[in-house]
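Presented below is the structure to which this report refers.
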Amino acid sequence: MGNNYTFKGDKLSLKRVFYEGSDVIKKGYLLCPNYDVTTDLDGDTIAEGDFNHGRFLRVEKPTTNAIPYGVLVAMEERTGPCDINVAEMDGHCLQVYTDGNVTAGADLYAQNASYLAGTSGVAKIGLALETIDRHVSPYGLVGARLQWRFT
């Protein structure tokens, strides 16, 4: 399912998932697995207790309830609903969208109801590698070292 992808010497494992929403997803947006979906990718209903791959292959906009199940980074721009390549946060340096001023070394967080990383939020996802002033532009990309850990 995943494929290896190299960006400037950093090997990423990309995964193809299905984004269920209708928004334009930009490269660097955060997404979460749809942990409570009851159907698989074929639309068949899967009974609770049976393993439902749809819960890991269908993604949605991050919410407070979904974030604990993981956060992924979109690796391409697409308009939903659509298949999209995502990268898992496993220590790699990637660009993510943020909505605030960021200082290099500052913690970044997944936020409720937002595709953007913030300086506060539901769960820490990594550290900013750059200092970015967002007074001119309300949001944009920032380099970050991302790590997802279950706590």
TODO: Provide the packing ranking of 92-105, 43-56, i.e. peptides ordered by the mean count of other C-beta atoms within 10 Å per residue, highest first.
DONE: 92-105, 43-56
Task: Fully extended contour minus Cα-Cα distance, from Asp107 to Cys82, at 0.36 nm per residue - done: 5.9 nm
Task: Calculated [θ] (222 nm, deg cm²/dmol) that DSSP helices of n ≥ 4 give over the chain, each run adding -39,500 (n - 2.57) - done: -500 deg cm²/dmol
Task: Spatially proximal lysines relative to Lys11 (Cα-Cα < 18 Å; intrachain offsets below 8 disregarded) - done: Lys27
Open item on the list: Per 0.36 nm of contour for each residue apart, how much would the distance between Asp90 and Lys26 grow if the chain were fully extended, relative to their Cα-Cα spacing?
Closed with: 21.0 nm
Open item on the list: As a test, work out the antiparallel percent of DSSP beta bridges whose residues both lie in segment 3-88, rounded to the nearest 5.
Closed with: 90
- [ ] Report the full-extension gain for the segment Thr38 to Lys124: residue separation times 0.36 nm, less the Cα-Cα distance, to one decimal in nm.
- [x] 28.2 nm
- [ ] With r as the distance between the Cβ atoms of Arg16 and Thr63 and R0 = 25 Å, compute the FRET efficiency 1/(1 + (r/R0)^6) and round to 0.05.
- [x] 0.65
Open item on the list: Cross-link candidates for Lys26: which aspartates and glutamates have Cα within less than 18 Å, leaving aside residues fewer than 8 places away along the same chain?
Closed with: Glu60, Glu76, Glu77, Asp83, Glu88, Asp99
TODO: Give a quick list of trypsin sites (Lys or Arg not before Pro) in segment 65-151 that DSSP marks as loop, anything other than H, G, I, E or B, with at most 12 other Cβ atoms within 10 Å.
DONE: Arg149
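No lab work stands behind these numbers, since they all come straight from the coordinates. All values reported here derive from a predicted model rather than from experimental measurement. Methodologically, a virtual Cβ is constructed for each residue, glycine included, from the backbone with ideal geometry; neighbour enumeration extends over all protein chains shown.
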